[in-house]
Amino acid sequence: MPKDEVDRETIAAIATAPGRGGIGVVRLSGSKVVQIAATVAGGLPVPRHATLCVFKDRSGQRIDEGIALYFAAPHSYTGEDVLELQGHGGPVVMQMLLAACVPALVPCFNAASSASGRSRPSRLFAIRADCVGNSG
């Protein structure tokens, strides 16, 4: 497959220090940013404009209200589409916001996957590593 046709995974992570704070940031980068923005933020913000929106989970339940920023490829830090979701700080809100983004991303590896004979992924992205630590 030519380099320009490589399917890149979308990654997401909490981009602020752990613990309580005034704001917390979840940052996403990759090809599924537009899809995730539609679901979680109610639509894709205008590029490079802070947009006030309500963040929702997959069932449409309100998680938080905050600011969404969209940086369209190739004019972003990663060169891919980037979405930054800025909500109220604190681990609970940030975990809920990150979890709302996860179903559209790669599946998590957990103990059940290992027991069922599925092989562990060779590379762990930030979201996968977070899921491994939180599987139960």
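The values are calculated or read from the model by the stated rules, or taken from the named source; none is laboratory data. Predicted, not measured: the structure shown is a model, and the values here were computed from it. Cβ placement follows ideal geometry from the backbone for every residue including glycine, while neighbour counts extend to all protein chains displayed. Side chains are part of the model used for accessible areas, which takes the heavy atoms of the whole protein and leaves out ligands, DNA and RNA. Shrake-Rupley method; radii C 1.70, N 1.55, O 1.52, S 1.80 Å.
Quick one: would you say residue 46 is within 22 Å of residue 103 (Cα to Cα) and of a type in the set (A, V, I, L, M)? No: the conditions fail for residue 46. When you check residue 51 against the structure, is it open to solvent by 40 Å² or more (accessible area, probe 1.4 Å), polar (S, T, N, Q) and farther than 17 Å from residue 102 by Cα, yes or no? Yes; evaluated as a whole, the condition is true for this residue. Identify, please: which residue in segment 55-98 is open to solvent by 70 Å² or more (accessible area, probe 1.4 Å) and part of a loop (DSSP other than H, G, I, E, B) and is, among those, nearest to residue 35 (Cα to Cα)? Among them, the one singled out is 58.
As for segment 34-56, it holds no residue that is touching an Asp or Glu at 6+ places or on another chain (Cβ under 8 Å) and of a type in the set (Ser, Thr, Tyr).
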